[in-house]
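The values are calculated or read from the model by the stated rules, or taken from the named source; none is laboratory data. What you are looking at is a predicted structure, and each value in this text was computed from that prediction instead of being measured. Note: ideal-geometry Cβ built from the backbone for every residue, glycine included; neighbour counts use all protein chains shown. Quick note on the areas: whole protein, heavy atoms, side chains included, nothing else; ligands and nucleic acids left out. Shrake-Rupley method; radii C 1.70, N 1.55, O 1.52, S 1.80 Å.
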Amino acid sequence: MHTTLISAAELLQLTAHGAPLRIFDCSYELMKPEAGLAQFEAEHIPGSVHVHLEHHLSDKSGPDRASGGRHPLPSRATFAIRMGQLGLDNAAQAVVLDRGAIATSGRLWWMLKWCGHEAVAVLDGGLAAWKAAGGAVESGPGQPPKPAVFELREPLVQAVSTAAIADALGRPAMTLIDARAGARFRGETEPLDPVAGHIPGALNRPFGDNMAPDGRFKPAAVLRAEFERLLAGRDPATVVHHCGSGVSAVPNLLAMEIAGLGRAKLYPGSWSEWCTTPGLPMAQG
C-alpha cells in the first residue's frame, strides 16, 4: 500500500502487474478553470480519469457541504458517491497526480483520507516524472470509468472549523501554518479574496517550498529540518494547515507526514472563509 508518495517507477510496476489501481489526473489552473481538462485530453496516463477541482472536489451550492470558502468541501457522503461514479472502490490503490504543483492532487489525496481510504498516494513529480521514467501517454477524453461502490469509512484526517480556529486563537494548543505566497500572507496583494492579510499568529510556509527543482518533494530529512526551523519548538501535533481555500495547504500537510512529523490537521475553509466571517480578527505584515 502506498499512502503518501509513489514514484513513477513504482507506478510502472503496479500497472505492469495488474494491481487493483485507479489513477486520477487532477490537472487544473486556478485562473483558467477549464485548462486542466484540455491538458488531460492532450496527454494523460492511459486509463486515468480526470478529476475537476470545481466539479468533483468542491460543492458551492450543495445544502450538505462540509465547509465554506471559495472551494467548499462536499459532504463525505456526496463525495463518496462521486468517487464511486469515477470508478474507485475500497480495495483499489488510488494514485493522484497533476501537471506541476501538486495542490489539486493533494486535495484529492486529503479528501480520500477524509473518507477513510488510506491507500492513496501522490505521484511524485507528476506527469513529467511519469514520462521521464518511460511511461506511456495517450490523448483524447479517455474511456468513461466503470462505476464502482465506494463505501465511507472512519476519517483518517481531521478537518478544523472556523469556530474551532477562532476559539483556539492565540493558545499554544494550536499552531497555524498558512501555505500562501508571502505577498498574499502579508497582505501586500490579494487577487482572489475580498480582504488581504492573514489569521493573527499564523506562520507562513508557501507550499512550493516543499518541492525540489525537478518537481518532486524534497528529501524527508530536508523537509523535517525546514519544518522544525519554522515551528521553533512548537509541537507538530498542534499544527493546523490552511491557505486561501483549503487546496494548496495540503502539500504542507503531506510534507510534514513525509518528514515523519505526523498527520496534521487542515482548516478547509481557510482564509477565504475566515475573511468573510463577521467579527473575526485579521492581520497584515
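Structure notes:
- Here Ala35 and Leu156 are evaluated by their C-beta separation; at R0 = 25 Å the FRET efficiency comes out at 0.20.
- Where the alpha-carbon atoms of region 130-230 are placed on the principal axes, they occupy 49, 37, 33 Å, in descending order.
- Relative contact order of region 64-181, defined on C-alpha pairs under 8 angstrom at six or more residues apart (%): 31 percent
- Note on the chain: dipole from Cβ charges, positive end direction compared against Gln158, Gly201, Gly126; the farthest Cα belongs to Gly201.
- Size of charge dipole - region 147-285 - debye, nearest 20, with Cβ of Lys, Arg +1 and Asp, Glu -1, no other charges: 280 debye
- Mean Cβ count within 10 Å, highest first, over the residues of peptides 75-86, 187-198: 75-86, 187-198
- FRET efficiency, Gln13 to Leu230 (Cβ-Cβ, R0 30 Å, nearest 0.05): 0.30
- Size of charge dipole - region 5-134 - debye, nearest 20, with Cβ of Lys, Arg +1 and Asp, Glu -1, no other charges: 280 debye
- For the chain, the fraction of 1.4 Å probe accessible surface lying on carbon and sulfur atoms is 55 percent.
- Among the trypsin sites (Lys or Arg not before Pro) found in region 134-212, those both in a DSSP coil and sparsely packed, with 16 or fewer other Cβ atoms within 10 Å of their Cβ, are Arg153.
- Here the simple spin-label model places points 7 Å from the Cα toward Cβ, and for Arg65 and Glu188 these points are separated by 3.1 nm.
- Dipole magnitude (debye, nearest 20) for the chain, charges at Cβ of Lys, Arg, Asp, Glu: 400 debye
- Extension gain, Glu43 to Val195, is 50.9 nm, computed as 0.36 nm per intervening residue step minus the present C-alpha separation.
- Asp214 paired with Leu21, simple spin-label distance in nm, labels 7 Å along Cα-to-beta-carbon: 2.0 nm
- Taking all protein chains into account, the per residue accessible area for the chain stands at 41 Å² (1.4 Å probe).
- Taking every Cα-Cα distance in the chain and sorting them into 5 Å bins starting at zero, the pair-distance distribution P(r) comes out as 1, 6, 13, 17, 19, 17, 13, 8, 4, 2, 0, 0 percent.
- Note that region 120-133 has calculated 3J(HN,Hα) couplings of 9, 9, 8, 6, 5, x, x, 4, 4, 5, 4, 5, 5, 7 Hz, one per residue in order, obtained from phi through the Karplus relation 6.51 cos²θ - 1.76 cosθ + 1.60 (θ = phi - 60°); glycine and proline are x.
- Added length on full extension, which subtracts the Cα-Cα distance from 0.36 nm per residue, Val222 to Val149: 22.3 nm
- Candidates Met31, Met111, Met211, ranked by Gaussian network fluctuation over the chain, Cα under 10 Å, top entry: Met31
- Within-12-Å neighbourhood charge of Gly142 [Cβ basis; K, R +1; D, E -1]: -4
- Each semi-axis of the equivalent ellipsoid for region 1-153 is √(5λ) with λ an eigenvalue of the Cα gyration tensor; in descending order they amount to 23, 18, 14 Å.
- Of Phe227, Gly135, Ala66, farthest towards positive along the dipole that unit charges on Lys, Arg, Asp, Glu beta carbons give the chain: Phe227
- Projected area averaged over orientations for region 183-285, convex hull of C-alpha atoms, nm²: 6.7 nm²
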